[in-house]
């Protein structure tokens, strides 16, 4: 586990915006005939939410419902985060949140339609009164005296500078916080390795009457096929070379259409999801593994003999990158003991300590050839995990909040991220109402705002 501080020079050299600014500099040095640089445009709002996944959707919608002028920006052409771009589903994790309950009801439950989810999320945002911009990539944080005052966006029309009183970082990777110079951790204690990345995809041509369903390592020990338990069959395929050495579990989820399965099996280790070369390797290797898995299930899983790849994701699924250090810090013990906090803004979160092995296959711990995920008791997330330690004007939402590698393995899933986003939106609105920085918010008022949402039956 490594704590990092990146200067703007570091970010330009190694990360988020370097290529964009470098290419701009080269163009300035040798302009093409009639070429010119588009003038930077300006926009202002009260709350700027960066990232259109479940956390960003929730933050923008909640802040707007509470009366704020809100702009939500998303780098891709579709909202939905990994559920849409990475085909990650079903929506996992449980949490006591009226907002999450509402969203699940509106989208048809946890087994959503990934082709439609972006429009459903966009409808929720726009109905709240928030404004939405797609194709807008955060490239630089505007910082004055350790306070984020806005974000410069890269777009097809050129640079756009958006100023805001409060910014919510819902990028998943903590991009805005890192660009602003916030300290963060990345990876596990000891070697700094993060969880592996995966290509999730959808199979069709499955015989619904015979085809197995397997949602976890635990189920793989129980589900049987003619050759043994599914765990035994996959482990033999791994050892024989039919499967990549990193593929120890083939999860096959029900899709929302008969004859289809969502596959969660590919695993590429040693990837830093903030580095271009690593992501390139992950995309190519992950897709190659997907077809290897297809050949394997056709041969060894009854009902999959005629299966074929029906849809591939737009981007690789990244589980873990930066964890921004906050005023408070959630630990493994907090999750496994079910710790309750007086300043909780997310209540009764629950999902196993699901650590896909950074240096092998299956789970990183537990018994058996592929390990087992540790259980948690429903736990709370305190407000301070959403507030960076030394950067003002900024709130964190989703998997980039402050916590350990192990705790992150539980709260990183989409339903919990959505609840964190709702809390960040309520906190942003409360800070504006009280005219204070987010770190000085009366948390009781945030809790009240979330409770009022429940009583309103939204």
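The values are calculated or read from the model by the stated rules, or taken from the named source; none is laboratory data. Just so you know, these numbers come straight off a predicted model, no measurement behind them. Positions of Cβ are generated from backbone atoms using ideal geometry, with glycine treated the same way; all protein chains shown enter the neighbour counts.
Given the conditions (1) more than 30 Å from residue 205 (Cβ to Cβ); (2) more than 16 Å from the chain's Cα centre (by Cα), which single one is not true for residue 351?
Result: residue 351 fails condition (2) only.
Search segment 121-145 for residues being within 19 Å of residue 61 (Cα to Cα) and surrounded by 19 or more Cβ atoms within 10 Å (Cβ to Cβ), and hand back the single one that is nearest to the chain's Cα centre (by Cα).
The qualifying residue nearest to the chain's Cα centre (by Cα) is 121.
Go through segment 127-151 and count every residue that is closer than 20 Å to residue 85 by Cα and either outside the structural domain of residue 91 (by TED's automatic domain parsing) or assigned to a helix (DSSP H, G or I) (or both).
0
Kindly indicate the residue of segment 98-109 that is surrounded by fewer than 16 Cβ atoms within 10 Å (Cβ to Cβ) and without any contact (Cβ under 8 Å) to a residue 40 or more places away in the chain and also farthest from residue 254 (Cα to Cα) among those meeting that condition.
That would be 101.
Evaluate segment 53-71: report whether one residue or more is exposed (fewer than 13 other Cβ atoms within 10 Å of the Cβ), more than 16 Å from residue 154 (Cβ to Cβ), at pLDDT below 90 and touching a helix residue (DSSP H, G or I) at 6+ places or on another chain (Cβ under 9 Å).
no
Out of everything in segment 254-277 that is buried (at least 20 other Cβ atoms within 10 Å of the Cβ) and not in a loop (DSSP other than H, G, I, E, B), what residue ends up being nearest to the chain's Cα centre (by Cα)?
It comes out as 264.
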